[in-house]
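Student: One structure, as C-alpha cells, below. Some questions next.
Bear in mind that the values in this text are calculations on the coordinates, not laboratory data. Just so we're clear, the structure is a prediction, and the values are computed from it rather than from any experiment. Every residue, glycine among them, receives a Cβ derived from its backbone with ideal geometry; neighbour counts consider all protein chains shown.
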Amino acid sequence: MKLKGRVLKYGDDINTDVIFPGRYTYKNLSPEEMASHAMEDLDPDFPKKVKPGDIVFAGKNFGMGSSREQAVLALKYSGVAAVVAKSFARIYFRNCINAGLPAIELPEAVDAVQEGDQVEIDLEAGLIITPAGEFSFPPFPEKVQEILKAGGLIPYTRKRLGLS
C-alpha cells in the first residue's frame with residue numbers, strides 16, 4: 001500500500017484532548033462533525049487546511065492522554081492518510097491500527113520534513129520518501145497490513161467472517 005500526501009507538522013506531547021477536544025466526547029457526532037473538530041485546540045485552521053491524503057508528522061509521545069478512539073477517528077475522517085511521529089502513546093498507536101490509520105515511528109523522517117513537503121510512504125517496503133531523502137522503517141507484520149488495507153479491525157473482521 002502506497003500513500004502520497006502533504007506534510008502537516010506538529011511538535012511533542014500532542015495529547016488526545018487537542019487532537020479531538022474532550023468537550024465533544026459524549027456527543028453523538030457524525031464523521032463529518034468529528035472531522036470539523038480535529039485539532040481545533042492546537043491548530044484551529046486544521047479542518048480548513050487538511051486535504052485528503054495529507055500526512056501528520058509529529059514529535060515525541062503523540063496521542064498521549066485518554067484512550068478515546070475519537071482522537072484517531074477525527075484525523076481519519078479529516079482525510080489524514082497516516083501519522084508519522086518520533087514516538088506514540090501505546091494506546092493511541094493501537095487505536096490507529098484498529099481504525100485503519102497507519103501510525104509509523106520514525107524520528108529521522110520527522111526531523112527531515114517541513115510543513116507542506118510532499119512525501120510518499122510505501123507501507124509494504126517500509127519506506128518514507130521525502131524531499132530530504134529516504135527513510136526506512138520495519139514494515140508492519142502481514143496481519144497488521146491486512147487490517148490497514150481493510151480500513152480497520154472491524155472491516156477486517158467482518159471480511160474474515162464473511163459478513164461484508
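Student: Which number comes out as Rg/Rh for the chain once both Rg and the Kirkwood Rh are worked out on C-alpha atoms?
Tutor: Rg/Rh for the chain comes to 0.95.
Student: Continuing with the same structure: So what are the ³J(HN,Hα) numbers for the range 46-54, from phi and the Karplus equation (6.51, -1.76, 1.60; θ = phi - 60°), rounded to whole Hz, Gly and Pro as x?
Tutor: 3J(HN,Hα) across the range 46-54, in whole Hz: 3, x, 7, 8, 5, 10, x, x, 4.
Student: Here is a follow-up. Just rank K86, K4, fewest to most, by other beta-carbon atoms within 10 angstrom.
Tutor: Lowest count first: K4, K86.
Student: Now a separate question. Given H placed 1.01 Å from N in the peptide plane, which residues other than close sequence neighbours of M64 have an amide H under 5 Å from its amide H?
Tutor: So M64 has HN proximity to I14, T16, A89.
Student: Can you list the aspartates and glutamates whose alpha carbon is less than 12 Å from that of K9, not counting same-chain residues fewer than 8 positions off?
Tutor: By straight Cα distance, K9 reaches D43, D54, D111, E115, D117.
Student: Which value, in debye to the nearest 20, gives the size of the charge dipole of the range 2-138 about its Cα centre, when Lys and Arg are +1 and Asp and Glu are -1 at the Cβ?
Tutor: Roughly 340 debye, rounded to the nearest 20.
Student: Mind listing which GluC sites (Glu not before Pro) in the range 98-164 are in a DSSP loop and have 11 or fewer other Cβ atoms within 10 Å?
Tutor: Hits after loop and neighbour filter: E115.
Student: Please state the charge dipole magnitude for the range 63-146, taken about the Cα centre, from unit charges on C-beta atoms (+1 on K and R, -1 on D and E), reported in debye and rounded to the nearest 20.
Tutor: On the way: 6 positive and 12 negative charges, 114 e Å.
In debye, rounded to 20, the range 63-146 gives about 540.
Student: What FRET efficiency comes out for E115 versus K159 if R0 is 35 angstrom and r is the Cβ-Cβ distance? Round to the nearest 0.05.
Tutor: Rounded to the nearest 0.05, the efficiency is 0.45.
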